[in-house]
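Trainee: Quick one: structure below, then a few questions.
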């Protein structure tokens, strides 16, 4: 059910002259040998975005997943764009998490980058339920105004699609206004790496992917595609 979301994202990427990045064939597409399901993944770069990745898992009526994360170039302090959408068809249970994921939680940073996200949360109260994050410390790499909800497609579907499109629009506006600052590059690189390591440790999708495609594939997907910066830094010779 998330094809329109993927189409909208890829349309925006194309409009911004995004360049596809190489993804290993076995990670770009994989069919489950355990139960019905296929996963496809893509990655791009564009001006000011060093890597934007997207993943689409189609397991029929059992499960539908769409995930995307944008990593700005490290001469920018702007938040990451994070999107996680899941639909459990048999139970008609939709889970949505969309956010500008901050590199820092200090007030000056949040005031600088989160204004439009705060407006979106106020506009879509169904996506501002304030539920507790089950796998993460919400105040570490999520903003206070993340769009987060659980419910049926009937309850959330229409507002979710509109909110998704407005979220992308707001993120691109934020991105276009950002001024690169190479003096902060080392700090931003360290903060993005910290985000990747934390996310790789906490990401509940790893267990989900392992159940469909096996632990070995899921381990590789986690560290090579989802969060490649989570690999330990190699010592210099």
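Readers should treat all values here as calculations from the given coordinates under stated rules, not as data from a laboratory. For clarity, every value in this text was computed on a predicted model and none was experimentally measured. Counting neighbours? That spans all protein chains shown, and the Cβs are built from the backbone with ideal geometry, glycine included.
Trainee: Would you give the gap between the C-alpha center of segment 1-62 and the C-alpha center of segment 186-233, rounded to a whole Å?
Mentor: 16
Trainee: Let me make sure I get this right: for segment 14-87, a, b and c are the square roots of the gyration tensor eigenvalues over alpha carbons, sorted descending. Under 1.5 in a/c it's rounded, otherwise prolate if a/b > b/c, else oblate. Which is it?
Mentor: Values: a/c = 2.95, a/b = 1.90, b/c = 1.56.
Because a/c hits 1.5 or more and a/b exceeds b/c, segment 14-87 counts as prolate.
Trainee: At q = 0.22 Å⁻¹, what base-10 log of I(q)/I(0) does the Debye formula yield for segment 141-237 when every alpha carbon is treated as an equal point scatterer in vacuo?
Mentor: -1.18
Trainee: Same structure again: Once R0 is set to 35 Å, what does the formula 1/(1 + (r/R0)^6) return for the Cβ-Cβ distance between residue 33 and residue 140, expressed as a FRET efficiency to the nearest 0.05? Present the calculation step by step, with values, prior to reporting the outcome.
Mentor: Numbers: r = 36 Å, r/R0 = 1.03.
After rounding, the FRET efficiency stands at 0.45.
Trainee: Label segment 1-151 by shape, choosing from rounded, prolate and oblate, from the square roots a ≥ b ≥ c of the eigenvalues of the Cα gyration tensor; if a/c is under 1.5 it is rounded, and otherwise prolate applies when a/b is larger than b/c, oblate when it is not.
Mentor: Details: a/c = 2.00, a/b = 1.19, b/c = 1.68.
Judged from the Cα gyration tensor, segment 1-151 comes out oblate (a/c at least 1.5, b/c at or above a/b).
Trainee: Please report 95, 119 as a ranked list, fewest other C-beta atoms within 10 angstrom at the top and most at the bottom. It would help to have the intermediate numbers written out before the result.
Mentor: Values: 95 16, 119 13.
In increasing order of surrounding Cβ atoms, one gets 119, 95.
Trainee: Packing-wise, with mean Cβ within 10 Å as the measure, how do 172-181, 51-60 rank, highest first? Display every interim value, and only then the final one.
Mentor: Values: 172-181: 13.4, 51-60: 19.1.
Top to bottom by mean Cβ count within 10 Å: 51-60, 172-181.
Trainee: Here's a follow-up. Given the Cα-Cα distance of residue 173 and residue 153 and 0.36 nm per residue of separation, how much length would full extension add, in nm? List each step's numbers first, then the result.
Mentor: Values: separation 20, 0.36 × 20 = 7.20 nm, distance 2.87 nm.
Separation in residues times 0.36 nm, less the Cα-Cα distance, equals 4.3 nm.
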